[in-house]
Amino acid sequence: MKLVRYLLGIIGAITLVLLVSGGCRPKQEIIKIAAVAPMTGESAKMGEDISRAAQLAVDEWNSKGGVLGRKIELLIGDDRADPKDAVSVASRMVSQGVVAIVGHYNSSCTIPASNIYNEAGIVMITPASTNPMVTDRGYRTIFRTCGRDDQQGKVEAEFATNELKVKRVAILHDKTTYGQGLADEFRKNLWSEIEVVLYEGVARGDKDFTAILTRVKSLQPDLLMFGGLYPEGGLIAKQMRELGLKCHFLSGDGVFDPEFIRIAGPAAEGAYLSYAPSPQDIPTAQNFLKTYSERWGEPGPYSLFAYDATQVILKAIELAGTTEGRKVAEIIHSHPFEVAAGTIAFDQKGDPVKAPYIMWQVKNGQLIPLSPSPS
Amino acid sequence: MFFQQLINGLTLGCIYALIALGYTMVYGILQLINFAHGEIYMLGAYLGVIAWGWATSLFSQNEVIGLEFLIIFSAVLLFTPLWGIAIERFAYRPLRYAGRLSPLISALGMSIFLQNFVMLTQGAREKVFPRLFGSSGITLGAVHISPVQLTILCGSVILMGLLHLLVTRTRIGTAMRATAQDRQMAQLCGININNVITVTFAIGSGLAGIAGVMVGAYYGMINFYIGYQAGLKAFTAAVLGGIGNIPGAMAGGIIIGVVEAFGAGYISSEYKDVYVFIILLILLIFRPGGILGERVAERV
């Protein structure tokens, strides 16, 4: 009996080995790339926008025969907007033999996950993480197609100085990597004559900002700047008007969401937000807009960036003639790429050379771009 | 600025007080901390949104604004007490003689269940609460009181007054106080304590439901998670005032609201929640029973 069991075990082991090695061969011919973003939880919509845009780009390449004569497969990873999950999903992607990553969404997830991609020599392009730290650590394989908070903060600060001509500014932030980072960059780029009367953090998830806004009101600023996301941004805009605070409200791309207008209601009117130019105004993006909306409906705020990130990865693999991450990364650093948003070139850090930020304003319940192209 | 912060704090405090009453009444009678109470508040807010949907589908124009209020508040006053009673019936009554720890665990389970139930059925994204009030308000010098704040302040004071009358002047109130003092003795005197407990849960849940609607109208935004945060603060308010004591819960709620507003307004909003707990710690060191905790006779 014992002998039979041993024999069965050995036969089983051999079949397993054969199966695994047999299974490996076709896999080498498929090129795996992955879209990693929050697919569940509060930011699930952003993850969906990103993975759908990446899927669109992959399908377009596959219908033309793939890249390097091999088919492309898109894996989807869920980091649940949590840095801990981001690290574990990143390790899983590396061990599954993924050659490039489109993602993550939150700066707080992208930063720890990029350590893993960089060590493994895998190209990562984030479509949405705007914190400077993402590309400031000298990692050669880490890129982004969106702008940086210091570029965004600078655009906002110049707008506040030159267009709004403010004298006194109050700054609030939500104490996150993104929110505080943006508030800091805004503050740094303000003219020295402008007085910052208040700089303070508020808690994410809080609903009552009346106490701090009452203090803001007593300091009589011309502008209230908020670094954070739309749930708090909407409530702050609403409560400041209810308290009779009449100064301008300015915020960044984290607040740029139709939900902001729904939460703040009429109080959103006149709010200034910095964001990328509308894809509708970019001639080269029309084809993307058409195919995306035919297949998935209206594109989200980061869909175009995710689509372009996927395009850059696939074009660079083709130019490099290999999927070896470090070689692909050098190609991305040294070549300009024709993508849906126009021509994109990356600097030595991995940021796009041209900062794609302009100011938008809420008018009659709609977000309207104030200038058609970035200045 | 002082008076404006006071108004902000009082508004917040009234909400905490309304929720704290439910904690304290249940504790007075069952010595049970009903952790699912915060979720009733959250359910009340969601019910407000749903009832507003019914109201607007019934009356296409905003011809009768008072009618919307009537529908929302009667829906909340009808359903939240029923939910409170159902929670007691299913989660606590079978465990009433099972020691103190089992109902507590059951309460935590109920809270987690309700939160996730709402998350799955209503979605995890924030819901926008309908604008029930105008934005004009009253301005007295530098103080601005919005119509919502005024409604919350007046409404809570009226509700608390009614509750006080109910507890001190009516038959059922007397029965509640008797049950709180000594459950067995009350039973021997012919009081049906099951009825008393049912009424207690119904009243506490109704108050929490109304608090939920008022908060929804105040901030204009709700999510499935608000019950946890508000419940924690209200529970602190109940402990601060002396758990089991009705006037204590009202006082505790208002103190917490005002401390939060002044702390955030004058010191820093980054550590808003810290001030409340510092006050609680200091108080518990010197008066472990809470502000009004020692007058056992009044607890319900």
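Computed FRET efficiency, Cβ-Cβ of B:Leu166 and A:Gln220, R0 41 Å: what is it to the nearest 0.05?
Working: r = 47 Å, r/R0 = 1.15.
Working from the Cβ atoms, E equals 0.30.
Indicate the residues belonging to the range B:207-226 that lose 10 Å² or more of solvent-accessible heavy-atom surface (probe 1.4 Å) upon moving from the chain alone to the assembly of all protein chains, ignoring ligands and nucleic acids.
Residues meeting the cut-off: B:Tyr218, B:Tyr219, B:Gly220, B:Met221, B:Asn223, B:Ile226.
Loop only by DSSP, 13 or fewer other Cβ within 10 Å of the Cβ. Give me the GluC sites (Glu not before Pro) in the range A:166-204 that pass, ordered by residue number. It would help to have the intermediate numbers written out before the result.
Details: sites: A:Glu185, A:Glu193, A:Glu195, A:Glu200; in loops: A:Glu193.
Within the range A:166-204, the qualifying GluC sites (Glu not before Pro) (loop, at most 13 other Cβ atoms within 10 Å) are A:Glu193.
For the protein assembly as shown, what does -39500 (n - 2.57) per DSSP helix run (n ≥ 4), summed and divided by total residues, give at 222 nm, in deg cm²/dmol to the nearest 500? Mind showing how you got there, number by number?
Details: 23 runs with 377 residues, N = 675.
My calculation for the protein assembly as shown gives -18500 deg cm²/dmol from helical runs alone.
Please state the relative contact order of the range A:137-214 as a whole percent: Cα pairs under 8 Å, 6+ residues apart? Mind showing how you got there, number by number?
Details: 76 pairs, mean separation 27.3, N = 78.
Reported relative contact order: 35 percent.
Answer with one residue from A:Thr291, A:Leu367, A:Val58: the one whose Cα lies farthest towards the positive end of the charge dipole of the protein assembly as shown, charges on Cβ with Lys, Arg +1 and Asp, Glu -1.
Ranked along the dipole, the leading option is A:Val58.
Percent relative contact order of the range A:269-334, based on C-alpha pairs within less than 8 angstrom and at least six residues apart?
Values: 25 pairs, mean separation 11.2, N = 66.
Relative contact order of the range A:269-334: 17 percent.
Using 7 Å Cα-to-Cβ label points, what is the B:Ala142/A:Gln96 separation (nm, one decimal)?
Distance between label points: 5.9 nm.
Would you mind working out the magnitude of the charge dipole of the range B:120-198 relative to its Cα centre, with +1 at each Lys and Arg C-beta and -1 at each Asp and Glu C-beta, to the nearest 20 Debye?
Values: 7 positive and 2 negative charges, 22 e Å.
Dipole size: approximately 100 debye.
Once you have the Cα-Cα distance between A:Val196 and A:Gln366, take 0.36 nm times their residue separation minus that, and quote the gain in nm to one decimal.
58.2 nm
Using a probe radius of 1.4 Å on protein heavy atoms only, what is the accessible area buried between chains B and A, both sides summed, to the nearest 100 Å²?
Answer for the B-A pair: about 2700 Å² buried.
Averaged per residue, what accessible surface does the protein assembly as shown expose to a 1.4 Å probe, in Å²?
Values: 28750 Å² over 675 residues.
Accessible area per residue, the protein assembly as shown: 43 Å².
Between the DSSP loop rule and a limit of at most 16 other Cβ atoms within 10 Å, which GluC sites (Glu not before Pro) in the range B:1-105 are left? Provide the component values of the computation, followed by the final result.
Details: sites: B:Glu39, B:Glu63, B:Glu68, B:Glu88; in loops: B:Glu63.
Answer by residue number: B:Glu63.
Need the C-alpha centroid separation for the range B:198-234 versus the range A:278-330, integer Å.
Computed from Cα coordinates, the inter-centre distance equals 46 Å.
Looking at chain B, which longest stretch skips every one of the chymotrypsin sites (Phe, Trp or Tyr not before Pro) that is in a DSSP loop with at most 15 other Cβ atoms within 10 Å, leaving the sites themselves out? Please list the in-between numbers first.
Details: sites that count: B:Phe59, B:Tyr97.
No qualifying site falls inside B:98-300, the longest such stretch.
What residues of the range A:147-178 lie in the reach of a label at B:Val274, counting those whose backbone N is under 17 Å from a point 7 Å from the Cα along Cα→Cβ?
Taking a point 7 Å out along Cα→Cβ of B:Val274, the residues of the range A:147-178 whose backbone N falls under 17 Å are A:173-176.
Name the residue from B:Gln187, B:Tyr228, B:Tyr218 whose Cα lies farthest towards the positive end of the charge dipole of the range B:149-300, charges +1 on Cβ of Lys and Arg and -1 on Cβ of Asp and Glu.
Going by the Cα projections, it comes out as B:Gln187.
How many percent of the accessible area of the protein assembly as shown is carbon or sulfur, using a 1.4 Å probe? List each step's numbers first, then the result.
Numbers: 17870 of 28750 Å².
Roughly 62 percent of what the probe reaches on the protein assembly as shown is carbon or sulfur.
In debye, nearest 20: dipole of chain B around its Cα centre with unit charges on the Cβ of K, R (+) and D, E (-)? Let's see the in-between values first.
On the way: 16 positive and 11 negative charges, 132 e Å.
Its charge dipole is roughly 640 debye.
For A:Lys165, which lysines qualify as cross-link partners when the Cα separation must be under 30 Å and same-chain residues fewer than eight apart are set aside?
Within the straight-line limit of under 30 Å, A:Lys165 reaches these lysines: A:Lys154, A:Lys175, A:Lys188, A:Lys217, A:Lys238, A:Lys246, A:Lys354, A:Lys363.
Can you give the FRET efficiency to the nearest 0.05 for B:Leu58 and B:Tyr225, using r as the Cβ-Cβ distance and R₀ = 30 Å?
On the way: r = 30 Å, r/R0 = 1.02.
It comes to 0.50.
Summing +1 for each Lys or Arg and -1 for each Asp or Glu, what net charge is found among the other residues whose Cβ lies under 12 Å from the Cβ of A:Gln220? Write out the running numbers ahead of the final one.
Details: positive: A:Lys167, A:Arg168, A:Arg215, A:Lys217, A:Lys246; negative: A:Glu195, A:Asp222.
Value of the local net charge: +3.
When only Cα pairs under 8 Å and 6 or more residues apart are kept, what is the percent relative contact order across the range A:228-280? Provide the component values of the computation, followed by the final result.
Values: 64 pairs, mean separation 23.6, N = 53.
Relative contact order for the range A:228-280 comes out at 45 percent.
What is the dipole size for chain A, taken about its Cα centre, with +1 at each Lys and Arg Cβ and -1 at each Asp and Glu Cβ, in debye to the nearest 20? Please list the in-between numbers first.
Numbers: 40 positive and 43 negative charges, 186 e Å.
The dipole of chain A has a size of about 900 debye.
Partner chain Cβ atoms within 10 Å, averaged over the residues of B:260-272 - can you pull that number for me? Walk me through the numbers before you get to the answer.
Numbers: counts 2, 5, 1, 1, 12, 8, 3, 1, 4, 14, 7, 2, 7.
Across B:260-272, the average partner-chain Cβ count within 10 Å equals 5.
Say the dipole of the range A:47-188 comes from +1 at the beta carbon of Lys and Arg and -1 at that of Asp and Glu; which of A:Gln180, A:Ala81, A:Val99 then lies farthest toward its positive end?
Result: A:Gln180.
Got a sec? Which residues of the range A:198-237 lose 40 Å² or more of accessible surface with every protein chain in place, vs. that chain alone, 1.4 Å probe?
Hits at the 40 Å² cut-off: A:Glu200, A:Lys207, A:Asp208, A:Thr210, A:Ala211, A:Thr214, A:Arg215.
The values are calculated or read from the model by the stated rules, or taken from the named source; none is laboratory data. Keep in mind that what you see is a predicted model, and the values were worked out from it rather than measured. Quick reminder, even Gly has a Cβ in these numbers, built from the backbone with ideal geometry, and neighbours come from all protein chains shown. Ligands, DNA and RNA are excluded from the accessible area calculation, which covers all protein heavy atoms including side chains. Shrake-Rupley method; radii C 1.70, N 1.55, O 1.52, S 1.80 Å.
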